[in-house]
1. Could you go through the stretch 71-86 and let me know if any residue there is of a type in the set (Asp, Glu), farther than 23 Å from Leu141 by Cβ, assigned to a loop (DSSP other than H, G, I, E, B) and at pLDDT 95 or above.
2. With the condition kept exactly as written, say whether any residue in the stretch 34-41 is within 28 Å of Arg140 (Cβ to Cβ), in contact with a strand residue (DSSP E or B) (Cβ under 9 Å, 6 or more places away or on another chain) and among the hydrophobic types (A, V, I, L, M, F, W, C).
3. Go through (1) modelled with pLDDT of 95 or more; (2) open to solvent by 70 Å² or more (accessible area, probe 1.4 Å) for Thr2 and report which single condition fails.
4. Identify all residues within the stretch 136-160 that are in contact with a Pro (Cβ under 8 Å, 6 or more places away or on another chain) and in a helix (DSSP H, G or I); write none if there are none.
5. Given the criteria over 30 Å from Asp93 (Cα atoms) and either open to solvent by 10 Å² or more (accessible area, probe 1.4 Å) or out of contact with any helix residue (DSSP H, G or I) (no Cβ under 9 Å at 6 or more places or on another chain) (or both), does Leu174 qualify?
6. Across the stretch 27-64, which residue is least open to solvent (accessible area, probe 1.4 Å) among those that are in a loop (DSSP other than H, G, I, E, B), touching a residue at least 40 places away in the same chain (Cβ under 8 Å) and farther than 12 Å from Ala10 by Cβ?
7. Of everything in the stretch 1-20, what is in contact with a Lys or Arg (Cβ under 8 Å, 6 or more places away or on another chain) and either outside any loop (DSSP other than H, G, I, E, B) or under 18 Å from Leu77 (Cα atoms) (or both)? Give them in sequence order.
8. I'm trying to understand the selection: among the residues of the stretch 87-108, which are outside any loop (DSSP other than H, G, I, E, B) and either aliphatic (A, V, I, L, M) or at pLDDT below 95 (or both)?
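The values are calculated or read from the model by the stated rules, or taken from the named source; none is laboratory data. Since this is a predicted model, take the numbers as computed values, not measurements. Cβ placement follows ideal geometry from the backbone for every residue including glycine, while neighbour counts extend to all protein chains displayed. Each accessible area value is taken on the protein alone, full model and side chains, heavy atoms only, with ligands, DNA and RNA left out. Shrake-Rupley method; radii C 1.70, N 1.55, O 1.52, S 1.80 Å.
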Amino acid sequence: MTDVLNLWKAGLGEVPEDVWERTGLRVLILADNGLTRLSPAVGRLQRLHTLDLGHNQLAEAPGELGELRGLTRYLYLHDNHLTRLPPELGRLDELAYLNVGENRIGELPSEIGDMAGLVELRAQHNELAGLPESIGRLGRLRELWLRGNRLASLPATFSALTQLRHLELRDSALESVPEPLSALPLLRHLDLRSNRLHGIPDWIAELPSLEKLDLRWNGFEERGDELRPLQALRERGCAVLT
């Protein structure tokens, strides 16, 4: 029996009960099936390393997802109707990739900081007005995608994300470049498009790894002291888009 079950666009409506009996599965793809509910029986699939529940109509993710301790690679929950994430997800401390984008999530649970294995987190196009302080415990995180939320600031603990390479904050509510970013030595790509920025701090020119800074559609003009850090970035080869 294969350890991969691909039911993508199978028109299920609901997951057949016999799926939960296949406890040897390593990969389960249930994307694009019009699912409105996920059975707590999903917690039986202890050997899964990849679970795709994207592009459904789930209003809730069961806490039993936290029982999938073998889930070390991918968990896709994007493009659903979720308003919250179960705190039990924090038990998935070896999961590398989590996509919860394109939902209606108002806040990330503090337990997100327990997901120490995360390398990439996508939470774009939700309703996040802030991030939990615990985000700073994600010491392996390399990519963070937060486009299209309501973020006006970042917590001070964000400065602990020293492995971060890519940060997308496009279409947010930032009026200034968050100070915690000044402590990120490996940050290469910073997307700040479509915010409410009025100026650029001098320290941004001191980010040692920055290769691309996108500042378009912020409604401020480059002049005087505001130009200086951008010019310094350009002179060292950083692509600056304004």
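1. Restricting attention to the stretch 71-86, the residues satisfying the condition of being of a type in the set (Asp, Glu) are 79.
Now restrict to residues that are farther than 23 Å from Leu141 by Cβ: none.
No - not one qualifying residue is present in the stretch 71-86.
2. Of the stretch 34-41, the ones within 28 Å of Arg140 (Cβ to Cβ) are 38.
Subset that is in contact with a strand residue (DSSP E or B) (Cβ under 9 Å, 6 or more places away or on another chain): none.
Within the stretch 34-41 (the criterion being within 28 Å of Arg140 (Cβ to Cβ), in contact with a strand residue (DSSP E or B) (Cβ under 9 Å, 6 or more places away or on another chain) and among the hydrophobic types (A, V, I, L, M, F, W, C)), the answer is no, since none of the residues qualifies.
3. Going through (1) modelled with pLDDT of 95 or more; (2) open to solvent by 70 Å² or more (accessible area, probe 1.4 Å) one by one, Thr2 breaks only (1).
4. Of the stretch 136-160, the ones in contact with a Pro (Cβ under 8 Å, 6 or more places away or on another chain) are 136, 153-159.
Gly136, Ala156, Thr157, Phe158, Ser159 - these are the residues of the stretch 136-160 that are in contact with a Pro (Cβ under 8 Å, 6 or more places away or on another chain) and in a helix (DSSP H, G or I).
5. Working: over 30 Å from Asp93 (Cα atoms): yes; either open to solvent by 10 Å² or more (accessible area, probe 1.4 Å) or out of contact with any helix residue (DSSP H, G or I) (no Cβ under 9 Å at 6 or more places or on another chain) (or both): yes.
Criteria met by Leu174.
6. Filtering the stretch 27-64 for residues in a loop (DSSP other than H, G, I, E, B) gives 30-39, 45-49, 53-62.
Among the residues that remain, those that are also touching a residue at least 40 places away in the same chain (Cβ under 8 Å) are: 31, 47, 54.
So of that shortlist, the ones also farther than 12 Å from Ala10 by Cβ come out as 47, 54.
Numbers: Arg47: 124, Gly54: 0 Å².
Taking the candidates together, the pick is Gly54.
7. Start the filter on the stretch 1-20 by keeping residues that are in contact with a Lys or Arg (Cβ under 8 Å, 6 or more places away or on another chain), which leaves 1, 3-5, 14, 20.
Correct list: Val4, Leu5, Glu14, Trp20.
8. Taking the stretch 87-108 first, the residues outside any loop (DSSP other than H, G, I, E, B) are 87-91, 97-99.
If the condition is that a residue be outside any loop (DSSP other than H, G, I, E, B) and either aliphatic (A, V, I, L, M) or at pLDDT below 95 (or both), then Leu89, Leu98 are the ones that fit.
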